[in-house]
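Okay, so here's the structure we're looking at.
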Amino acid sequence: MKRNNSNAVASERIEILERNLLHELGIDNDWAEKQARVALRIALHSRVSIPYSLRQLFCRNCKQFIIPGKTSRVRTGRSRSKAVRITCLKCMHVYRKMMFPCRPR
Ligand SMILES: [Zn+2]
């Protein structure tokens, strides 16, 4: 079948789900989690890349749904390191995420 076409549909569906869940975050977190899981499943089945805003909502260690500022702690390290530390408050796993600074020219 046409793989390209189905991928386009999948990424469109993910986009819609992503938009909805980011809107619901903080209002109805259970609903947001359901949306996120559906979006993730579509992404994994259709092999399209998971958008960053969706990926960061899942713990890298326990794969649980984490809400930045609520069930995960996001901290910048020492001023020199260009990374943020993300702590999952469900499994207390800490991982680093590199930040690539965009400097205005
Ligand atoms: Zn975790």
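Do you know which residues across the stretch 26-51 are in contact with a helix residue (DSSP H, G or I) (Cβ under 6 Å, 6 or more places away or on another chain) and within 15 Å of the ligand (Cβ to nearest atom)?
Once the filter is applied, which keeps residues that are in contact with a helix residue (DSSP H, G or I) (Cβ under 6 Å, 6 or more places away or on another chain) and within 15 Å of the ligand (Cβ to nearest atom), the stretch 26-51 yields only A36.
Among the hydroxyl-bearing types (S, T, Y), more than 19 Å from M99 (Cβ to Cβ) and touching a Ser or Thr at 6+ places or on another chain (Cβ under 9 Å), is that true of S46?
In short, yes.
Only residues that are more than 13 Å from the chain's Cα centre (by Cα) and either within 13 Å of the ligand (Cβ to nearest atom) or of a type in the set (D, E) (or both): list them for the stretch 52-70, please.
Answer for the stretch 52-70, where residues must be more than 13 Å from the chain's Cα centre (by Cα) and either within 13 Å of the ligand (Cβ to nearest atom) or of a type in the set (D, E) (or both): N61, C62.
Just give me the residues in the stretch 58-80 being touching a helix residue (DSSP H, G or I) at 6+ places or on another chain (Cβ under 8 Å) and either assigned to a strand (DSSP E or B) or without any contact (Cβ under 8 Å) to a residue 24 or more places away in the chain (or both), in sequence order.
F58, F65
Taken together, the values in this text are just the output of simple stated rules run on the coordinates, not laboratory data. The shown structure was predicted, so the numbers you read here are calculated from the model rather than taken from an experiment. With ideal geometry, Cβ positions are generated from the backbone for all residues, glycine too; neighbour counts draw on all protein chains shown.
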